[in-house]
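Input: a single structure, listed below in structure tokens.
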Amino acid sequence: MQDRAIRRHHSQRMKARARRLFPGYPNAARNADHLAVCSCWMCGNSRHHIKGMERLTIQERRENAANISLASSCLPLGDGTPAPADQPDIESFEEGE
């Protein structure tokens with residue numbers, strides 16, 4: 001947990017930055033916590049405006065790649081080659097039901 005002095009320091013620093021960015025705006029310090037004053041495609045969150053895989057964060061892309069590689073290692077190969085011995089075969093589960 002941060003102590004009070006550090007929070008006050010960062011608050012003053014961000015208010016000064018807001019006043020520098022918006023010199024003619026009388027309430028510039030109010031925008032110190034969120035300097036994006038609108039939500040257009042240039043200022044707002046890019047994940048709301050970009051389509052497809054590009055909108056995912058790097059962490060989400062890595063997780064998807066790991067899930068795909070894990071799923072492909074569990075499934076039997078399409079050319080008739082069986083799955084590795086340590087991985088269960090999907091067809092054996094279907095036959096047992």
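When Arg47, Arg55, Arg61 are checked against the criterion of being under 22 Å from the mean Cα position of the chain (by Cα), basic (Lys, Arg) and at pLDDT 80 or above, Arg61 stands alone in meeting it. Are there any pairs, at least 6 apart or on different chains, whose C-beta atoms fall under 7 Å, with the first in segment 23-40 and over 16 Å from His10 (Cα atoms) and the second part of a loop (DSSP other than H, G, I, E, B) and among the basic types (Lys, Arg), and if so, which? Listed by first residue and then by second, the contacts come to nothing, as the list is empty.
Going by the structure shown, is Pro84 farther than 30 Å from Trp41 by Cβ, at pLDDT below 75 and touching a Pro at 6+ places or on another chain (Cβ under 6 Å)? When the stated conditions are applied, Pro84 does not pass them.
The values are calculated or read from the model by the stated rules, or taken from the named source; none is laboratory data. Bear in mind that the values here come from a model prediction, so they are computed numbers and not experimental data. Note that each Cβ is placed from the backbone with ideal geometry, even for glycine, and that neighbours are counted across all protein chains shown.
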